[in-house]
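Asks: This is the structure I have questions about; it appears just below.
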Amino acid sequence: MPTLYLASKNAHKADEIQMILGTHWTVSSCQELSPSIHWNETASTFRGNALIKAQALVAHTPAGVLADDSGLEVEVLNGSPGVYSARYAGPEASDRDNLQKLLKVLRGIPHSERRARFVCVLCYIDEARSVHYFEGYCPGVIIEEARGGEGFGYDPIFVPDGYDRTFAELSAAEKHQISHRGQAMAAFQTFLHEQS
């Protein structure tokens with residue numbers, strides 16, 4: 001099985017991507033390549049940050065590398081927290097800190113104006129060092145209080161369109177079917193199949 005190194009220090013992302021790819025690939029964290037790998041997410045777009053992360057890995061392995069940059073865009077906040085989703089409440093913020101800050105910022109905003117979407121951009125740099133991008137989106141609404149114990153990040157306050165449950169109330173399989181990351185990974189899988 002080929003190994004795909006993931007440019008993320010988020011164990012949840014590695015687990016999700018392994019689950020989506022199944023047994024055809026071994027998904028390994030960048031920490032397994034070198035614990036000293038780091039990057040600064042200085043780009044203003046998901047695509048730019050995904051490329052920064054992927055490029056940080058290519059010097060450490062001849063294998064293919066995959067980077068994921070994703071986040072939540074809230075319409076009434078002009079797309080915030082966007083690329084700052086993981087550090088919305090500060091550079092050392094926890095998922096709970098970020099979620100609580102967003103709920104506070106949106107306090108008093110009516111349900112009809114709490115539209116949002118999750119965005120995921122994957123950057124794959126293959127063994128020949130060609131760069132490929134894959135994107136996925138999931139629209140929905142931000143509710144007023146957290147529900148559910150699954151998922152991570154903003155999942156407990158995000159209800160995807162067509163559902164009455166939050167991402168954190170869906171099973172992993174249900175979430176992967178509709179999520180931004182699931183869509184981007186489906187496009188990536190199609191690309192891998194076409195290349196094989």
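Asks: Within a Cβ distance under 11 Å of T61, other residues only, what is the Lys/Arg minus Asp/Glu net charge?
Replies: Once all neighbours under 11 Å are counted, the net charge is -2.
Asks: Just to check, using Stokes-Einstein with a Kirkwood Rh over alpha carbon pairs, what's the diffusion coefficient of segment 1-74 at 37 °C and 0.692 mPa s in µm²/s?
Replies: So the translational diffusion coefficient is about 259 µm²/s.
Asks: Show me, for segment 91-100, the HN-Hα J-couplings you get by feeding each phi into the Karplus relation (A = 6.51, B = -1.76, C = 1.60, θ = phi - 60°), rounded to Hz, glycine and proline as x.
Replies: Each residue of segment 91-100 in turn: x, 9, 5, 8, 4, 5, 4, 5, 4, 5 Hz.
Asks: Let me ask something additional. Taking the dipole about the Cα centre of segment 3-195, with the C-beta of Lys and Arg at +1 and of Asp and Glu at -1, give me whichever of L102, I17, I142 is farthest to the positive side.
Replies: Toward the positive end, the furthest listed residue is L102.
Asks: Debye sum, Cα scatterers, segment 122-196, no solvent: what log₁₀ I/I(0) at q = 0.15, 0.22 1/Å?
Replies: -0.58, -0.91
Asks: Using the Cα centre of the chain as the reference point, and only Cβ charges (+1 on K/R, -1 on D/E), how large is the resulting charge dipole? Debye, rounded to the nearest 20. Present the calculation step by step, with values, prior to reporting the outcome.
Replies: Working: 17 positive and 24 negative charges, 73 e Å.
Roughly 340 debye, rounded to the nearest 20.
Asks: For the chain, what is the per residue volume of the convex hull drawn over the alpha-carbon atoms, in cubic angstrom?
Replies: Details: hull volume 22.2 nm³, N = 196.
So the per-residue Cα hull volume is 113 Å³.
Asks: Hey, another quick one. Given points 7 Å out from each Cα along the Cα-Cβ axis, report the H60 to A43 separation in nanometres with one decimal.
Replies: 1.9 nm
Asks: Quick check: Cα centre of segment 113-145 to Cα centre of segment 57-84, how many Å?
Replies: With segment 113-145 and segment 57-84 each reduced to a Cα centre, they are spaced 7 Å.
Bear in mind that the values in this text are calculations on the coordinates, not laboratory data. Not measured: the values here are computed from a predicted model. Quick reminder, even Gly has a Cβ in these numbers, built from the backbone with ideal geometry, and neighbours come from all protein chains shown.
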